[in-house]
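The values are calculated or read from the model by the stated rules, or taken from the named source; none is laboratory data. Remember, it's a predicted structure, so these values are computed and weren't measured experimentally. Because the Cβ atoms are built from the backbone with ideal geometry, glycine has one as well, and the counts that use them run over all protein chains shown.
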Ligand SMILES: C[S@@+](CC[C@H](N)C(=O)[O-])C[C@H]1O[C@@H](n2cnc3c(N)ncnc32)[C@H](O)[C@@H]1O
């Protein structure tokens, strides 16, 4: 007799939990079941006693990819961020919920021009421009093909010409000044990168995760270039690793930026450093 939806999910959670913990396993299995059956998450919860039947091969195949270490975002080719669905391509960093801290901070102040350095899937620039309909922005990545997913997301979400794209090594090809500069740069140290789970390192390009060395090189480049690219009193916000607050704050202060502050995420871990231009 065919497994029920609930039985298949329980077995899947038991096999995934040793890799990623119970909570994440439950969430991932629910999303994979929704994708395999074509039901919503609520539909999956309501239909646990039904036979899995024709959806079984698809569910087993999706689960197999998850057990091989691929993230759900890369398996499904999309993920949720700040209440919207974003496409995620192979090589892109799968958006992390932690980045919503930076979004909340960016929206706590007025601004109309935005620069997003290292845009990847475009979650930061696109979310901010959708939340501020009068604003416009520039999104960069090191190579033009690395902002391809962002461009597709922006088109699908009807941003029109409010968001433009540029291939640039941090500020190298950026000429304007902006009210707000944001970045979630690669910040994993070379040593930590060597020990990362397959899940991350196999599907996300190295340049999305680590600048090498002590993990701070991207912040050095951003600190050096920010004063010349911020409008008077403009703000810089960067996401950081939980133990990098002090080092990044020191880099921003040494670059002549003012009001430097470290902000926690909802779990109480340091997640964002902010600063203001005095120019
Ligand atoms: C941690 S990912 C962040 C992606 C996306 N902004 C997000 O928050 O999910 C870092 C991004 O920086 C880009 N990047 C790496 N080195 C860069 C450089 N030298 N100049 C510009 N962007 C770079 C990567 O390709 C990647 O898209």
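Only one of 140, 121, 127 is within 11 Å of the ligand (Cβ to nearest atom), over 21 Å from residue 171 (Cα atoms) and touching a residue at least 12 places away in the same chain (Cβ under 8 Å). Can you tell me which?
Values: 140 fails: over 21 Å from residue 171 (Cα atoms); 121 fails: over 21 Å from residue 171 (Cα atoms).
127 is the lone residue from the list that is within 11 Å of the ligand (Cβ to nearest atom), over 21 Å from residue 171 (Cα atoms) and touching a residue at least 12 places away in the same chain (Cβ under 8 Å).
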*How many residues are surrounded by 15 or more Cβ atoms within 10 Å (Cβ to Cβ) and closer than 30 Å to residue 159 by Cα when one looks only at the range 32-69?*
4
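Residue by residue, here is whether (1) surrounded by 18 or more Cβ atoms within 10 Å (Cβ to Cβ); (2) over 21 Å from residue 111 (Cβ atoms); (3) touching a helix residue (DSSP H, G or I) at 6+ places or on another chain (Cβ under 9 Å) holds:
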{"residue": "186", "(1), (2), (3)": "yes, yes, yes"}
{"residue": "206", "(1), (2), (3)": "no, yes, yes"}
{"residue": "210", "(1), (2), (3)": "yes, yes, yes"}
{"residue": "222", "(1), (2), (3)": "yes, no, yes"}
{"residue": "237", "(1), (2), (3)": "yes, no, yes"}
{"residue": "243", "(1), (2), (3)": "no, yes, no"}
{"residue": "261", "(1), (2), (3)": "no, no, yes"}
{"residue": "268", "(1), (2), (3)": "no, yes, no"}
{"residue": "276", "(1), (2), (3)": "yes, no, no"}
*asked:* Residue pairs, Cβ under 8 Å, 6 or more apart or interchain, first in the range 96-108 and assigned by TED's automatic domain parsing to the domain that holds residue 121, second in a loop (DSSP other than H, G, I, E, B) and within 14 Å of the ligand (Cβ to nearest atom). List them.
replied: 98/265; 99/184; 100/82; 101/265; 102/184; 103/82
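Restricting attention to the range 24-31, does a residue exist that is closer than 26 Å to residue 155 by Cα, in contact with a helix residue (DSSP H, G or I) (Cβ under 6 Å, 6 or more places away or on another chain) and in contact (Cβ under 8 Å) with a residue 24 or more places away in the chain? Spell out the reasoning first.
Filtering the range 24-31 down to residues closer than 26 Å to residue 155 by Cα leaves 31.
Still in the running and in contact with a helix residue (DSSP H, G or I) (Cβ under 6 Å, 6 or more places away or on another chain): 31.
Cutting the leftovers down to in contact (Cβ under 8 Å) with a residue 24 or more places away in the chain gives us 31.
Yes, some residue in the range 24-31 is closer than 26 Å to residue 155 by Cα, in contact with a helix residue (DSSP H, G or I) (Cβ under 6 Å, 6 or more places away or on another chain) and in contact (Cβ under 8 Å) with a residue 24 or more places away in the chain.
Among the residues that make up the range 97-108, is at least one of them more than 16 Å from the chain's Cα centre (by Cα) and under 17 Å from residue 181 (Cβ atoms)?
If we filter the range 97-108 for residues that are more than 16 Å from the chain's Cα centre (by Cα), which is where we start, we get 107-108.
Going one step further and asking which of them are under 17 Å from residue 181 (Cβ atoms), we end up with 107-108.
Taking every residue of the range 97-108 in turn, at least one turns out to be more than 16 Å from the chain's Cα centre (by Cα) and under 17 Å from residue 181 (Cβ atoms).
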_Out of everything in the range 217-240 that is within 13 Å of the ligand (Cβ to nearest atom) and farther than 11 Å from residue 273 by Cβ, what residue ends up being nearest to the chain's Cα centre (by Cα)?_
218
*Within the range 4-25, work out how many residues are farther than 12 Å from residue 66 by Cα and buried (at least 16 other Cβ atoms within 10 Å of the Cβ).*
5
_With surrounded by 18 or more Cβ atoms within 10 Å (Cβ to Cβ), in contact with a strand residue (DSSP E or B) (Cβ under 7 Å, 6 or more places away or on another chain) and either under 14 Å from residue 85 (Cβ atoms) or not assigned by TED's automatic domain parsing to the domain that holds residue 88 (or both) as the only criterion, which of 127, 140 stands out?_
127
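On the basis of being in the same structural domain as residue 247 (by TED's automatic domain parsing), in contact (Cβ under 8 Å) with a residue 40 or more places away in the chain, out of contact with any helix residue (DSSP H, G or I) (no Cβ under 6 Å at 6 or more places or on another chain) and more than 20 Å from residue 224 (Cα to Cα), does residue 191 make the cut? First the steps, then the outcome.
Working: in the same structural domain as residue 247 (by TED's automatic domain parsing): yes; in contact (Cβ under 8 Å) with a residue 40 or more places away in the chain: no; out of contact with any helix residue (DSSP H, G or I) (no Cβ under 6 Å at 6 or more places or on another chain): yes; more than 20 Å from residue 224 (Cα to Cα): yes.
Spelling it out, it is not the case that residue 191 is in the same structural domain as residue 247 (by TED's automatic domain parsing), in contact (Cβ under 8 Å) with a residue 40 or more places away in the chain, out of contact with any helix residue (DSSP H, G or I) (no Cβ under 6 Å at 6 or more places or on another chain) and more than 20 Å from residue 224 (Cα to Cα).
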*Which of the residues belonging to the range 164-188 are closer than 19 Å to residue 252 by Cα and more than 13 Å from the ligand (Cβ to nearest atom)?*
177, 178, 179, 180
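Return the residue satisfying two criteria in turn: it lies in the range 152-163 and is surrounded by 19 or more Cβ atoms within 10 Å (Cβ to Cβ) and within 15 Å of the ligand (Cβ to nearest atom), and of such residues it is nearest to residue 78 (Cα to Cα). Give the derivation first.
Our first condition is that a residue be surrounded by 19 or more Cβ atoms within 10 Å (Cβ to Cβ); within the range 152-163, this holds for 153-154, 159, 163.
Subset that is within 15 Å of the ligand (Cβ to nearest atom): 153-154, 163.
Values: 153: 10, 154: 14, 163: 21 Å.
Ranking the qualifying residues of the range 152-163, first place goes to 153.
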_Quick test for you: out of 145, 176, pick the one residue that is surrounded by fewer than 21 Cβ atoms within 10 Å (Cβ to Cβ) and in contact with a strand residue (DSSP E or B) (Cβ under 8 Å, 6 or more places away or on another chain)._
176
